[in-house]
Amino acid sequence: MNTLAEKLVDAWKKRDLIKINSEELPKSREESHNIQKQFHDVLKKKTVGWKIGLVSKNLQEGAKVNGPMIGKIIDETVLMNPLKVDYSKVPDCILECEFCLRFLEDTKMIPGAENKTGNYEAYIALELVSTRVHSESKKDLDPNNMMNLNIADNGGAGAIVIGDQIKNLDKIDLDSIQVEINLNGNVTEPFFKGEKRAGPIEAIKCIINEFKDNPVTFKKGDWFMTGSVIQPFKVNKGDKLKVDFRTLGKINVDFI
């Protein structure tokens, strides 16, 4: 295993965390995307869409980064609610509550795609952000170097949990949906509001901009995680989670 992509693939297969040195770090977003592409070329797993985070400029500025977090969704990591999750498969897990699109037809991410209607369904969902890189290799990185490494690491993709389909999507203001989280019996409501909130249209615009020189195409049946509507938080083995999207449905996950 010589290249960073190969090392990340080996860690993925072994469900292990690797340490990397400064010389191996990607130097730019472009290099990060190239490493991510190499990762998938070596891994040879079926991919079924994309996940994106830090969609809004407000969140990017707050995190002091120069763009969104982005990676591919691997088919075997698409899970359905309710369920128990083997924590060893999502090490160092960070949880996000999101909306997820499922495309009903092939859709190329070019300007104007955000205005198309009826070409996707929407679902409530969770993203289980994970990593293949040991925390020691990240501790002294500045925000943009951390972002570049995370993109190379397939955007920190671990798994996604798909909940209920959102009915009558055209009549619902997703920006107004509140989220209640019950973690081991403690209830909080850490949902984003205002300029921190990004819905499907903003997420589509964001992926259009990210790949403007080489647009991606969502195939019929592909998924698109559109970014967290809550402040992401750490979960651990043994945690029991109940997420209430109020009028849209609930998702329950136990980490075992």
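Derivation of every value follows stated rules applied to the coordinates shown; laboratory data play no part. In this text the structure is predicted, and so the values were computed from the model without any measurement. We place every Cβ from the backbone using ideal geometry, glycine too, and count neighbours over all the protein chains shown.
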(message) Checking LYS234 against (1) surrounded by fewer than 17 Cβ atoms within 10 Å (Cβ to Cβ); (2) under 23 Å from MET109 (Cβ atoms); (3) in contact (Cβ under 8 Å) with a residue 12 or more places away in the chain; (4) not hydroxyl-bearing (Ser, Thr, Tyr), only one condition comes out false. Which one?
(response) (2)
(request) Give region 213-231 a look and list any residue that's loosely packed, with under 14 Cβ neighbours inside 10 Å and either closer than 24 Å to LYS46 by Cβ or touching a residue at least 60 places away in the same chain (Cβ under 8 Å) (or both), or say none. (result) ASN214, THR217, LYS219, LYS220, GLY221
(request) Determine whether ILE251 is out of contact with any helix residue (DSSP H, G or I) (no Cβ under 8 Å at 6 or more places or on another chain), in contact (Cβ under 8 Å) with a residue 12 or more places away in the chain, β-branched (Val, Ile, Thr) and closer than 30 Å to MET109 by Cβ. (result) yes
(request) Quick one: which residue in GLU24, GLU98 is within 19 Å of the chain's Cα centre (by Cα), among the charged types (D, E, K, R) and either crowded, with 21+ Cβ neighbours inside 10 Å or farther than 23 Å from GLY199 by Cα (or both)? (result) GLU98
(message) On the basis of being within 16 Å of ILE204 (Cβ to Cβ) and either of a type in the set (A, V, I, L, M) or buried (at least 18 other Cβ atoms within 10 Å of the Cβ) (or both), does LYS72 make the cut?
(response) no
(message) Suppose we filter region 201-240 for residues that are under 22 Å from LYS57 (Cβ atoms), assigned to a loop (DSSP other than H, G, I, E, B) and not polar (S, T, N, Q); how many remain?
(response) 7
(request) Within region 108-120, track down each residue that is part of a loop (DSSP other than H, G, I, E, B) and in contact (Cβ under 8 Å) with a residue 24 or more places away in the chain. (result) MET109, ILE110, PRO111, THR117
